[in-house]
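The values are calculated or read from the model by the stated rules, or taken from the named source; none is laboratory data. Just so we're clear, the structure is a prediction, and the values are computed from it rather than from any experiment. Positions of Cβ are backbone-derived with ideal geometry, glycine not excepted, and every protein chain shown enters the neighbour counts.
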Amino acid sequence: MNRFGKWVALCVSIGALAAGGGAFGNAASGESGGAKAPAPSEQIKVEKAKGADAYTVSEAYEKAGKLDKKAVVVRGKVVKVSTGIMGKNWVHLRDGSGDPGKGTNNLVVTTQDAPKVGDVVTAKGTLYKDKDFGAGYLYKVIVEEATVKQ
């Protein structure tokens, strides 16, 4: 990316954070700025979605290599929502699986839907491994263009 592209990405990110969106933050660890997600010590236990394409949050990380660019279904509790960033809503899901120390307990899903924090939802979308949005915002695993339903 050239210097102008990096500058534009930085300005967009700073603008989103200043507006209170904060979808990015520390993307590599699965955490982000803006509204605070619950502490990893909060006990969350959500039953896995049903079907052939169903995975837990930790399975999405473990199997990311084979699931890259494939449809997945993940069920989890909404712990954070950042709206209107890059034309979509950024939803953080946790189901009680994964390792908080490794950042594999929190899955970011992008969607046009608007679930509320505390909702237990099923998200169906395309999983991407090592998705790089530029300016240092890299997600080990992200589910994009998802439909999110209760």
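Run residue 109 past the list (1) in contact with a strand residue (DSSP E or B) (Cβ under 7 Å, 6 or more places away or on another chain); (2) at pLDDT below 95 and report the number of the one that doesn't hold.
(2)
Looking at (1) more than 14 Å from the chain's Cα centre (by Cα); (2) more than 15 Å from residue 145 (Cα to Cα); (3) modelled with pLDDT of 95 or more, which one does residue 80 not meet, given that it meets all the others?
Result: residue 80 passes all but (1).
Which of the residues spanning the stretch 70-109 are touching a residue at least 60 places away in the same chain (Cβ under 8 Å) and of a type in the set (Lys, Arg)?
None; the set is empty.
Inside the stretch 97-118, can you point out the residues that are more than 22 Å from residue 69 (Cβ to Cβ) and surrounded by fewer than 17 Cβ atoms within 10 Å (Cβ to Cβ)?
99, 100, 101, 102, 114, 116, 117, 118
Just give me the residues in the stretch 55-70 being within 11 Å of residue 123 (Cβ to Cβ) and either among the aliphatic types (A, V, I, L, M) or out of contact with any Leu (no Cβ under 8 Å at 6 or more places or on another chain) (or both), in sequence order.
57, 60 - these are the residues of the stretch 55-70 that are within 11 Å of residue 123 (Cβ to Cβ) and either among the aliphatic types (A, V, I, L, M) or out of contact with any Leu (no Cβ under 8 Å at 6 or more places or on another chain) (or both).
Of all residues in the stretch 95-150, how many are at positive phi and among the acidic types (Asp, Glu)?
Residues that pass the stated criteria total 2.
Could you grab me the full set of residues in the stretch 49-79 that are in a strand (DSSP E or B), buried (at least 17 other Cβ atoms within 10 Å of the Cβ) and of a type in the set (A, V, I, L, M)?
If the condition is that a residue be in a strand (DSSP E or B), buried (at least 17 other Cβ atoms within 10 Å of the Cβ) and of a type in the set (A, V, I, L, M), then 72, 73, 74, 78, 79 are the ones that fit.
Would the stretch 100-122 turn up any residue that is assigned to a loop (DSSP other than H, G, I, E, B), out of contact with any Asp or Glu (no Cβ under 7 Å at 6 or more places or on another chain) and among the polar types (S, T, N, Q)?
Within the stretch 100-122, one or more residues are assigned to a loop (DSSP other than H, G, I, E, B), out of contact with any Asp or Glu (no Cβ under 7 Å at 6 or more places or on another chain) and among the polar types (S, T, N, Q).
Can you tell me how many residues in the stretch 102-150 are over 17 Å from residue 55 (Cβ atoms), in contact with a Leu (Cβ under 6 Å, 6 or more places away or on another chain) and among the hydrophobic types (A, V, I, L, M, F, W, C)?
Residues in the stretch 102-150 being over 17 Å from residue 55 (Cβ atoms), in contact with a Leu (Cβ under 6 Å, 6 or more places away or on another chain) and among the hydrophobic types (A, V, I, L, M, F, W, C): 1 in total.
Just the residues that are among the hydrophobic types (A, V, I, L, M, F, W, C), surrounded by 20 or more Cβ atoms within 10 Å (Cβ to Cβ) and more than 17 Å from residue 61 (Cβ to Cβ), please, taken from the stretch 119-150.
If the condition is that a residue be among the hydrophobic types (A, V, I, L, M, F, W, C), surrounded by 20 or more Cβ atoms within 10 Å (Cβ to Cβ) and more than 17 Å from residue 61 (Cβ to Cβ), then 121, 148 are the ones that fit.
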